[in-house]
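Asker: Take this structure first; my questions come after.
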Amino acid sequence: MKIYINGKMMNAEEAMVSVYDHGFLYGLGLFETFRTYGGQSFLLERHMERLETASQYLGIKLSITLGQLQRIVQSLLEANALVDGYVRVTVSAGTGELGLPTQDYNEPTVVVMVKPIGDPTFEQWRNGKALQLLQTVRNTPEGPYRFKSLHFMNNIIAKRELLALGEATVIGAEGLMLTNNGYIAEGIVSNLFFVKDETIYTPHLDTGILPGITREFVMQLAKQQGFTVEEGRYTFTQLWEASEIWMTNSIQELIPITSLLDAAGHTKQISEGVAGHYCHQLAAAYRATIQRKD
């Protein structure tokens, strides 16, 4: 695969990052993942805004603009013979002395990668996924809120727990983490929504969850559709009583959750085992937005 690194397009196996890069030494860096539709990066402005805000907080001088990034993505799609793809932008702090930083980072390492992306059939999407409660606790944010940072160990530990469950859970399930106070937080790679008594609920950012771009966009769409949306702190018991559940991320959009599993292995079917009314309507609104941008 061809990738972009610090102004150059090259084969992935040729790319190198210094061992003195503080992203390698201290995990000091950020990333964004998004997808393209018709060669256009969806919600790229919002991804760039999140990246720029976090970069400023960390003292990383972002050396790439919105327009440059869009052109890089289009060039990578063409170089890799892809019509559309999964895109990851990584901004690492760049090289520095061994030891904690004493000044800002003016020469970050910027890497852009793409890979093929495939969408499920409507039937696969409608049948949804399982959501498995995990023992792994969501850690606290790095700063005033959670950055989409290179500090991804908590998520990886959660993923390893999910994989270790084997036959005790459902193949392809997403894992759900709680806060250390026992409130529902988010999935390993997704934000959470649920419906109860005609109200859509999602954990508040003060639970330490990632301020997901798709989460924010779906909340906006829900309000435009006339739905009541509330953010707060909710328990797993409240989630267990939900009539609908779905997850969101920028690659898979809205993901219906059709079965819920607790830590003891008990399973509950959600919305009769298929995507529910609210999820259907919001997914349709989401896709309609994409079509208008094509």
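Asker: Just report the Cα centroid separation between the range 191-264 and the range 1-80, whole Å.
Answerer: 28 Å
Asker: Which residues among the range 142-182 fall inside the zone where the amide N is under 20 Å from a point 7 Å beyond the Cα of GLU216, along Cα→Cβ?
Answerer: 142-151
Asker: Could you tally the net charge around ARG50, taking each other residue with its Cβ under 15 Å from the Cβ of ARG50, Lys/Arg +1 and Asp/Glu -1?
Answerer: -1
Asker: Within the accessible area of the chain, what % is carbon and sulfur when the probe is 1.4 Å and the other protein chains stay in place?
Answerer: So the carbon and sulfur contribution to the accessible surface is 51 percent.
Asker: Helix-only mean residue ellipticity at 222 nm, the chain, DSSP H runs n ≥ 4 weighted -39,500 (n - 2.57), per residue, nearest 500. What is it?
Answerer: Counting only the DSSP helices, I get -9000 deg cm²/dmol.
Asker: Out of every Cα pair in the range 1-105, what percent are spaced more than 16 Å from each other?
Answerer: The proportion of pairs with Cα distances above 16 Å equals 60 percent.
Asker: Another question about this same structure. If I model a spin label at ARG46 and THR267 as a point 7 Å from the Cα along the Cα→Cβ vector, what separation in nanometres do I get?
Answerer: Label at ARG46, label at THR267, 3.3 nm between them.
Asker: Put +1 on the Cβ of every Lys and Arg and -1 on every Asp and Glu Cβ in the chain; which of ILE200, MET1, ILE188 then has its Cα farthest towards the positive end of the dipole?
Answerer: Farthest along the dipole direction, towards plus: MET1.
Asker: Along the Cα-to-Cβ line of TYR26, 7 Å from the Cα, sits a label point; which residues in the range 50-77 have backbone N less than 14 Å from it?
Answerer: Residues 57-61 qualify, since their backbone N sits under 14 Å from the label point.
Asker: Are there any GluC sites (Glu not before Pro) in the range 79-172 that are in a DSSP loop and have at most 13 other Cβ atoms within 10 Å? List them by number.
Answerer: Within the range 79-172, the qualifying GluC sites (Glu not before Pro) (loop, at most 13 other Cβ atoms within 10 Å) are GLU97.
Asker: Among bridges DSSP assigns within the range 113-218, what percent are antiparallel (round to 5)?
Answerer: Of the beta bridges lying entirely in the range 113-218, close to 60 percent run antiparallel.
Asker: Quick one: if you take sqrt(5λ) for each eigenvalue of the C-alpha gyration tensor of the range 163-242, what semi-axes come out, biggest first, whole angstrom?
Answerer: 23, 14, 14
Asker: What net charge is computed for the residues neighbouring GLN252, neighbours being all others with C-beta under 11 Å from the C-beta of GLN252, Lys and Arg scored +1, Asp and Glu -1?
Answerer: Summing Lys/Arg as +1 and Asp/Glu as -1 gives -1.
Asker: Compute the Rg/Rh shape ratio of the chain: radius of gyration over Kirkwood radius, all on alpha-carbon atoms.
Answerer: 0.97
Asker: Ignoring ligands, DNA and RNA, how do SER18, SER149 rank by accessible area with a 1.4 Å probe, largest first?
Answerer: Result, largest first: SER18, SER149.
Asker: What number, in percent, do you get for the relative contact order of the range 80-206 if the mean sequence gap of Cα pairs under 8 Å and at least 6 apart is divided by its residue count?
Answerer: Relative contact order, the range 80-206: 20 percent.
Asker: Cα-based Rg (one decimal) and Dmax (whole number) for the range 69-212, in Å?
Answerer: 18.8, 56
Asker: At 1.4 Å probe size, with every protein chain present, just tell me what the per residue accessible area of the chain comes to in Å².
Answerer: Value returned for the chain: 50 Å² of accessible area per residue.
The values are calculated or read from the model by the stated rules, or taken from the named source; none is laboratory data. A quick note: this is a predicted structure, and the numbers were derived from the prediction, not measured. We place every Cβ from the backbone using ideal geometry, glycine too, and count neighbours over all the protein chains shown. Side chains are part of the model used for accessible areas, which takes the heavy atoms of the whole protein and leaves out ligands, DNA and RNA. Shrake-Rupley method; radii C 1.70, N 1.55, O 1.52, S 1.80 Å.
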